[in-house]
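Below is one structure, written out as structure tokens; the observations come after it.
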Amino acid sequence: MLPWEKKIPDYLTDKKNTVSFILFTAVFALVFINIYSPFGVDKWMEISELHLFFYSSVVILIGMLIIVISRMLMYIITRRISLRYIAYAAWIAGEIMVLALVYALIQWFFLEVDDGFPVIFRNSVRTTAYIILLPYVISWLYLSFRDKYLTLERMENRSGHDIAEISGNKPGSSISMISFRDEKGVLKFSIKKEDLLYLEAADNYIVIHYVASQKPARYMIRNTLKRIEQEMPETGLVRTHRSFMVNIDNVKVIRKEKEGLIIGFDSPVDITVPISKTYLDVFVRRLSNYAKGEEK
């Protein structure tokens, strides 16, 4: 199928987008006419800037009325049949021709321009195309960009939802994987729970320490331990220090050293993290509950 034979995207005929598009076109045309005086009214008549603004506002109002009627008809038609790009382009060309005809008639009858109607109409078509097509193109580019952005966002969110389901992160299910999201809720990293060792705070980031191919590895995301603790209370991650949170499944040993209590992990290399007095009671209680089988 050729590009111009494809159906136009729904955002071009969406009611809300259409209203925004008409308002933007009206404002653009009003500014354009008052700055450049494309129809030459300031040359035909001795008028002040205030009068020019008034006359241009009337002209724009008439033009917008035509566009409103045109878009209402388009909205009704597209509810029944799909509009192709070639038909959409022809529709816009028709809008320009109708607007140009109205503006040419205004110049011919009310401003009494004596250049001859064919010349007036030709110039009116060119000027109307300048005024209309630029805001049309800007609006189209903006709507296209926004549609692609929203589509990618939905795909990303859906992907995160699917991974979470595959991982088993649902109430009442056993968790075989743990998924981590950043501070905006975007899924960034998923890992088997048996490979996860601990999390480490690093300013506004957390470093995820895990085992990959029998070697220690890590991954950094923008988030905080406090938020992780609040959002993932049933994952077996337990706070042991203001800067550390451990995977209780992989805790192998707790030993006392000069600097205090230290946690060792079931991992190929010797890795340890501290337990601070602030979190000691909570950690011991969670560990006891876990040993009794009350925590998954």
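The values are calculated or read from the model by the stated rules, or taken from the named source; none is laboratory data. Since we're looking at a predicted model, the values are computed, not measured. Heads up, the Cβs are rebuilt from the backbone with ideal geometry, glycines too, and the neighbour counts pull from every protein chain shown.
Any idea which of (1) surrounded by 18 or more Cβ atoms within 10 Å (Cβ to Cβ); (2) modelled with pLDDT under 85 is the one residue 265 doesn't satisfy? The number of the failed condition is (2). Filter segment 72-108 for residues that are part of a loop (DSSP other than H, G, I, E, B) and small (Gly, Ala, Ser) and give the result. Once the filter is applied, which keeps residues that are part of a loop (DSSP other than H, G, I, E, B) and small (Gly, Ala, Ser), segment 72-108 yields only 82.
The residues listed here are 234, 200; of these, the one that is outside any strand (DSSP E or B) and more than 27 Å from the chain's Cα centre (by Cα) is 234. Here residue 248 fulfils each of the conditions (1) at pLDDT 90 or above; (2) closer than 26 Å to residue 280 by Cβ apart from (1). Candidates 262, 248: the one that is more than 34 Å from the chain's Cα centre (by Cα), in contact (Cβ under 8 Å) with a residue 24 or more places away in the chain and within 14 Å of residue 275 (Cα to Cα) is 248.
On the given criteria, is residue 154 of a type in the set (Lys, Arg) and either at pLDDT below 90 or not assigned by TED's automatic domain parsing to the domain that holds residue 247 (or both)? For residue 154, the condition - of a type in the set (Lys, Arg) and either at pLDDT below 90 or not assigned by TED's automatic domain parsing to the domain that holds residue 247 (or both) - is met.
Residues considered: 159, 144. Of these, the only one that is more than 26 Å from residue 267 (Cα to Cα), in contact with a strand residue (DSSP E or B) (Cβ under 8 Å, 6 or more places away or on another chain), at pLDDT below 90 and among the small types (Gly, Ala, Ser) is 159.
Among the residues of segment 131-151, the one identified as among the charged types (D, E, K, R) and surrounded by fewer than 12 Cβ atoms within 10 Å (Cβ to Cβ) is 148.
Total residues in segment 202-217 satisfying the condition of being closer than 21 Å to residue 184 by Cβ and either in contact (Cβ under 8 Å) with a residue 12 or more places away in the chain or surrounded by 20 or more Cβ atoms within 10 Å (Cβ to Cβ) (or both): the figure is 6. The number of residues in segment 16-45 that are at pLDDT 85 or above and of a type in the set (D, E, K, R) comes to 1.
Considering only residues in segment 268-296 that are touching a His at 6+ places or on another chain (Cβ under 9 Å) and assigned to a loop (DSSP other than H, G, I, E, B), the one that is modelled with the highest pLDDT turns out to be 276.
Residue count for segment 46-68 under the criterion of being at pLDDT below 70, surrounded by fewer than 12 Cβ atoms within 10 Å (Cβ to Cβ) and not in a loop (DSSP other than H, G, I, E, B): the result is 2.
Taking the criterion of being loosely packed, with under 14 Cβ neighbours inside 10 Å and either touching a residue at least 12 places away in the same chain (Cβ under 8 Å) or touching a helix residue (DSSP H, G or I) at 6+ places or on another chain (Cβ under 7 Å) (or both), the residues of segment 69-87 that qualify are 75, 82. Would you confirm, using the coordinates I've provided, whether residue 111 is outside any helix (DSSP H, G or I) and modelled with pLDDT under 80? Judged against the criteria, residue 111 is a match. The single condition from (1) small (Gly, Ala, Ser); (2) out of contact with any helix residue (DSSP H, G or I) (no Cβ under 8 Å at 6 or more places or on another chain); (3) farther than 19 Å from residue 70 by Cα that residue 93 fails is (3).
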